[in-house]
Number of protein chains: 2
Amino acid sequence: MVIVYGYIGNILRVNLTGEKIRIEHPEDLFYRRYIGGEGFVAYYLLKELKKGIDPLSDKNELIFATGALTGYAIPGTGRNSVGAKSPLTGGFGEAEVGGHWGAELKHAGFDAIIIEGKAKTPVYLWIQDGEVQIKDARHLWGKVTGEVEAIIKEELGDPLIRVAQIGPGGEHLVRYACIINDLRNAAGRSGMGAVMGSKNLKAIAVRGRKRLKVSDKEKLRAKIREFNEVGYKPYRANFEYGTGYGVMEQFAASGNLPTRNFRDGDFKGAKVLDPGVMKDEIGLTMESCYACPIRCKKVVEIGEPWNVDPLYGGPEYESIGAFGSNCGIDDMKAVCKANELCNKYSIDAISAGVSIGFAMECYENGILTDNDTNGMKLNFGNAEAIIQLVEMIAKREGLGDILAEGVKRAAEKLKNGAEKFAMHVKGQEIPMHEPRFKQGLGVGYAISPTGAEHMANMHDTSIANERSIATHSAIGILEPLEVSDLGIKKIRALVYYTNWRNMLNALLVCYFTPWDYIDVPEIVRAVTGWYTSSWELMKVGERVTTMARVFNLREGLTKKDDWLPDRFFKPQTSGALAKTAINPDEFKNAIMNYYKLMGWSEDGIPTQSKLEELEIDWVSQYL
Amino acid sequence: MVIVYGYIGNILRVNLTGEKIRIEHPEDLFYRRYIGGEGFVAYYLLKELKKGIDPLSDKNELIFATGALTGYAIPGTGRNSVGAKSPLTGGFGEAEVGGHWGAELKHAGFDAIIIEGKAKTPVYLWIQDGEVQIKDARHLWGKVTGEVEAIIKEELGDPLIRVAQIGPGGEHLVRYACIINDLRNAAGRSGMGAVMGSKNLKAIAVRGRKRLKVSDKEKLRAKIREFNEVGYKPYRANFEYGTGYGVMEQFAASGNLPTRNFRDGDFKGAKVLDPGVMKDEIGLTMESCYACPIRCKKVVEIGEPWNVDPLYGGPEYESIGAFGSNCGIDDMKAVCKANELCNKYSIDAISAGVSIGFAMECYENGILTDNDTNGMKLNFGNAEAIIQLVEMIAKREGLGDILAEGVKRAAEKLKNGAEKFAMHVKGQEIPMHEPRFKQGLGVGYAISPTGAEHMANMHDTSIANERSIATHSAIGILEPLEVSDLGIKKIRALVYYTNWRNMLNALLVCYFTPWDYIDVPEIVRAVTGWYTSSWELMKVGERVTTMARVFNLREGLTKKDDWLPDRFFKPQTSGALAKTAINPDEFKNAIMNYYKLMGWSEDGIPTQSKLEELEIDWVSQYL
């Protein structure tokens, strides 16, 4: 095998049904074309899954993938991706996650793991320096993540082991169950934890001591040094108390803070939900992912009666929004508790919070009654209720069993107009950014292959303001764009930016580091020796986006699924956006322009020439 | 005015009809979007010319433009562009030229000159450090370029003046008259010299002492130093005796050397046409353009009876091919003489040579007779004839008057089947690379906005071979491609590569320097301070290519004009390609794929969304 710098050269394939373990060695061009992470996921899901399989059957595959930079001491690259057909959307499922697990996997000798089939009884994988074992996990089944990690480290006798795993949420096939790395980091969206649960795979424990080869050590070192000495400072300052710090009131004032299931604008409690509150009133420390000086990750500790265990980190902005304003709650400790439970049970905080907000609105509108809630007063603002419901969802108890299906299926079950309170796209719950405010991001929600998604998306406020133009001018975004704009210039920025972010999700570079259109190609050149440019990398992103689209088309998701809930075409009930909403004609036009700029037909189907340009004409068989 | 590093900030507009001189200061974004050179030309021709004007009327504009790097001591940037509606094609006319004139123009205080109208009597422009004068040139009219330059330097009293000018070829409106800089460098194609002649503008003399501002001196110096100390060496070696050196026999052997008006393959005299012959048998020295250590430019001196004056440089590969093998001539001294006359009279050597080759084939087929030639035996191989005909063309004497119209119009005039010997696309004569051999370049000939063109084109042999993949992988060309391949992967390479080259023609970077997809953005960043990338620059190229297309569509050139002469769909009469030709169906398909990959309709018309992506929706009014 040719050495490809940046990679180990090994893809691990584990068939749990037959307990077969195989190591594959793809050719150099595979690595360069698909890069890693979301790129590998898109490749294998298209190549290897049969059309129409049940995501929770043994026919699904679960892919853990690193990228070209994973495992090097480059700030912002301590990430990995997890992918499968999503049990939430029935389409392309993929999520990225920080921490240390991805780097450890690389050091343990693998670029990616493909999990096939289903174990007869619970198992976990133990990967150490190229050696792979399938181990009994019956004693771990039913246990929360913290317990599992402790037991695994204990029984394998190495405290430095890194564990990616599911808790009871994954075991109970909560459709938005996530996978938890290092107890604090979630591959949150798309229900990857449910797929892991359906395979009876409790955890993947890894430990590695391999050194990674670098093509140009000196250049890489210089690049990292430059960042670690000076470059990180503004970013560190920006994330001094993590995501959400200093912006909650501002978001509420502009209508950007999802409030009471995206119904309202005003939220008086926004100030209380600022991470500054944790800093002042809650035990808050900050920690980092692998090799990153930014330390954006919160760790909170709260005593009686909340008992929030610092083992499980602390809430990101998304969790604060989902359990806070979105449920009408202005109690930061309750939010921290709900977040802790999500990590303990491995369920996605966004989907959980939005499912609970949905239930609250159904309750306030008489669609859910005290009978359904077993007497629980499910009004917006009931902090105890959210904590109780997170538990019930994870364990699929009572109303929790319905909400564990996600809002789309729950609304179908509840009927009586519940559908209009189901805030999702393609079945995935909407993240904590208001599409009536950031309208470009709203289009991103509608077209994202994983359903409503805030990661590989454009945040209108940060792309196109005067200050950020300096950076984004590198891809030709030369003029400021209004947040409410849906014109083609805005959609062009969306297309370029989402393609770039999908590339970063293949390469697995964090968005909170300053590595941009110029830095990333430089770093990839230094690590891999590939003579790459922003052009090639942008095309990798376009390739990945397009492959994910083709996967969805194969599974029956079409143009009609590229749309937002009705609510967003009407104003919020109060606040800054009490008179503004998305114009449906402009929105439709924006979607069409997205298709056109991507080289897709008016039905949102990639054209043959676009597939050929991207060198993925092999996927045309699926159209 | 905001200072835009890389530019002076002044565009000079001279109306010769009213003798009005104006200086304009475009905004920063104009500079960044259109960069310079071909970009400026495309912009002004679209904005300011009325549809359907006669290219040789006072309604045409003649634009001289530099780019962001012109005038800095960066190897390979001593170039400028000249553009106008072409009298040869009736479409987009543009040519680039090396030397020192462009740098001098920048130093004299201008980024570009727009010439409007027509002087009543011959004039020349005198530009010195921001001062502009329109001066009488009646005493210069009729004189050859060498005389004119000497007189101007003498009368203005400065031997360091740089002159761009026309000789009698331009005065006589030879449709492929060129503009000559520094006597040795030709803005050769598209008939720009005829436009200059039609305006009664004999010359533009410039002298400048302005220092140009640099955004990041240190980085720029480092980049140049790196090149001047080491990087240039392989390029210098490659061009030790200029273009054509060491390749003539190899070209003949592969069928790539146009022979007897593209009729034959074998050419026994190829060896004699190698610049190595000049080195051994003719006085040959090498010189350079502004600030370039590569020194690829030949200067030849030949005594009696040829009397080739070294003042006029020496022949490039194109001239050697056009007057040599293409006319069946294996006499290097005759070729040097023909080339000298082209520079003296300011006519394009490619079009002149191909026009003479056409006449020879007409003569051998009885379409031209001794009556037409005034007794001259116009057989292939008659060296004296070519020299005589160059003179006759430049002065429009006898048969020369017909050939001065270019082969397309000449064939229309001669009739009797002459058309099948007229080797042109859109009226412009085909350069010295065989499209039956380099088939990707053949598609490039067909679609080039200026008609058959070898500059902003792909040379199949150098893009897609194993060795060059290393460089071109930067834009995602990862696998070797066959010269005879016309599949979509090849066309993708053509699209990317022609767009990049059109960007280089806006920036005005020579193709013979090693500045590539990584270097160019670095250099542009250092000079201008723009935070640009290969992505943005590639899109500039796509923008320029598209604007040129729109210009042609406005002027009535359509899909049907994107085609090659019939000859290329049949084999050569002898040699390596005696059994191979271009397959017309594959070729048609290749053209369609080019359209698709460019985001154009099946009729070759840029789509509205493509125009909007490129931020040139203002041109849609011309479609």
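The values are calculated or read from the model by the stated rules, or taken from the named source; none is laboratory data. Just so it is clear, the model here is predicted, and its values are computed rather than measured. Neighbour counts are summed over all protein chains in view; Cβ atoms, including those assigned to glycine, are modelled from backbone coordinates with ideal geometry. When the accessible area is computed, the model is the full protein with side chains, heavy atoms only, and any ligands, DNA or RNA have been set aside. Shrake-Rupley method; radii C 1.70, N 1.55, O 1.52, S 1.80 Å.
Structure above, values below:
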item: Residue that is within 14 Å of chain B (Cβ to nearest Cβ), open to solvent by 30 Å² or more (accessible area, probe 1.4 Å) and either without any contact (Cβ under 8 Å) to a residue 60 or more places away in the chain or assigned to a loop (DSSP other than H, G, I, E, B) (or both), where the choices are A:Tyr595, A:Tyr531; result: A:Tyr531
item: Which listed residue, of B:Tyr511, B:Tyr517, is farther than 19 Å from B:Glu226 by Cβ and either surrounded by fewer than 24 Cβ atoms within 10 Å (Cβ to Cβ) or at the interface with chain A (Cβ under 9 Å from one of its Cβ atoms) (or both); result: B:Tyr511
item: Qualifying residue in the range A:99-106 (condition: open to solvent by less than 20 Å² (accessible area, probe 1.4 Å) and farther than 18 Å from A:Leu508 by Cα); result: no
item: Scan of the range A:446-494 for residues that are among the charged types (D, E, K, R), under 19 Å from B:Leu29 (Cα atoms) and buried (at least 16 other Cβ atoms within 10 Å of the Cβ), ordered by number; result: A:Lys489, A:Lys490, A:Arg492
item: Any hit, the range A:190-204, residues being within 16 Å of A:Met286 (Cβ to Cβ), outside any helix (DSSP H, G or I) and out of contact with any Phe, Trp or Tyr (no Cβ under 7 Å at 6 or more places or on another chain); result: no
item: Residue tally, condition assigned to a loop (DSSP other than H, G, I, E, B) and within 19 Å of B:Phe92 (Cβ to Cβ), over the range B:55-65; result: 6
item: The lone exception for A:Lys298 - which of (1) closer than 30 Å to A:Gly76 by Cβ; (2) out of contact with any strand residue (DSSP E or B) (no Cβ under 9 Å at 6 or more places or on another chain); (3) touching a residue at least 24 places away in the same chain (Cβ under 8 Å) it fails; result: (2)
item: Options B:Lys85, B:Lys50; residue that is more than 23 Å from the chain's Cα centre (by Cα) and charged (D, E, K, R); result: B:Lys50
item: A:Glu555 being more than 14 Å from chain B (Cβ to nearest Cβ) and in contact (Cβ under 8 Å) with a residue 12 or more places away in the chain; result: yes
item: Options B:Lys271, B:Lys298, B:Lys279; residue that is under 30 Å from B:Pro565 (Cα atoms) and either of a type in the set (D, E, K, R) or surrounded by fewer than 20 Cβ atoms within 10 Å (Cβ to Cβ) (or both); result: B:Lys271
item: Residue within the range A:30-46 that is over 22 Å from A:Ala103 (Cα atoms) and either without any contact (Cβ under 8 Å) to a residue 60 or more places away in the chain or within 14 Å of another protein chain (Cβ to nearest Cβ) (or both) present; result: no
item: Any hit, the range A:546-561, residues being farther than 25 Å from A:Ala42 by Cβ, in a loop (DSSP other than H, G, I, E, B) and out of contact with any helix residue (DSSP H, G or I) (no Cβ under 9 Å at 6 or more places or on another chain); result: no
item: Which listed residue, of A:Glu602, A:Glu586, is more than 8 Å from every other protein chain (Cβ to nearest Cβ) and not in a loop (DSSP other than H, G, I, E, B); result: A:Glu586
item: Of the criteria (1) within 26 Å of A:Pro606 (Cβ to Cβ); (2) away from chain B (no Cβ under 14 Å), which one A:Arg396 fails; result: (1)
item: Qualifying residues in the range A:129-149 (those that are in a strand (DSSP E or B) and of a type in the set (Val, Ile, Thr)) - the one farthest from A:Lys210 (Cα to Cα); result: A:Ile134
item: Hits in the range A:369-419 - residues which are touching a His at 6+ places or on another chain (Cβ under 6 Å), farther than 25 Å from A:Gly142 by Cβ and open to solvent by 40 Å² or more (accessible area, probe 1.4 Å); result: A:Lys408
item: Residue count, the range B:218-243 (criterion: touching a helix residue (DSSP H, G or I) at 6+ places or on another chain (Cβ under 8 Å), open to solvent by 30 Å² or more (accessible area, probe 1.4 Å) and part of a helix (DSSP H, G or I)); result: 1
item: Qualifying residue in the range A:612-620 (condition: touching a residue at least 24 places away in the same chain (Cβ under 8 Å), of a type outside the set (Ser, Thr, Tyr), surrounded by fewer than 19 Cβ atoms within 10 Å (Cβ to Cβ) and touching a helix residue (DSSP H, G or I) at 6+ places or on another chain (Cβ under 7 Å)); result: yes
item: Any hit, the range B:463-484, residues being modelled with pLDDT under 95 and basic (Lys, Arg); result: yes
item: Failed criterion for A:Gly78 (all others in (1) under 15 Å from the mean Cα position of the chain (by Cα); (2) assigned to a loop (DSSP other than H, G, I, E, B); (3) of a type in the set (Gly, Ala, Ser); (4) at pLDDT 95 or above hold); result: (4)
item: Filtered residues of the range B:14-32 (kept if under 20 Å from B:Gly71 (Cα atoms) and modelled with pLDDT of 95 or more); result: B:Ile23, B:Glu24, B:His25, B:Pro26, B:Phe30, B:Tyr31, B:Arg32
item: Among residues of the range A:315-327, those that are open to solvent by 10 Å² or more (accessible area, probe 1.4 Å) and either farther than 11 Å from A:Ala349 by Cα or outside the structural domain of A:Pro275 (by TED's automatic domain parsing) (or both), counted; result: 0
item: Residues satisfying the stated conditions in the range B:10-61, i.e. of a type in the set (Gly, Ala, Ser) and open to solvent by less than 20 Å² (accessible area, probe 1.4 Å); result: B:Gly36, B:Gly37, B:Gly39, B:Ala42
item: Tally, over the range A:332-351, of residues that are touching a residue at least 60 places away in the same chain (Cβ under 8 Å) and more than 18 Å from A:Lys420 (Cα to Cα); result: 11
item: Residue in the range A:564-573 that is within 19 Å of A:Tyr43 (Cβ to Cβ), buried (at least 21 other Cβ atoms within 10 Å of the Cβ) and more than 10 Å from chain B (Cβ to nearest Cβ) present; result: no
item: Some residue of the range B:480-497 being under 21 Å from B:Gly91 (Cα atoms), assigned to a helix (DSSP H, G or I) and away from chain A (no Cβ under 14 Å); result: no
item: Selection status of A:Thr498, touching a residue at least 24 places away in the same chain (Cβ under 8 Å), out of contact with any Lys or Arg (no Cβ under 8 Å at 6 or more places or on another chain) and under 28 Å from A:Val230 (Cβ atoms); result: no
item: Filter pass, A:Thr66 being touching a helix residue (DSSP H, G or I) at 6+ places or on another chain (Cβ under 9 Å), farther than 30 Å from A:Val407 by Cα, of a type in the set (S, T, N, Q) and buried (at least 24 other Cβ atoms within 10 Å of the Cβ); result: yes
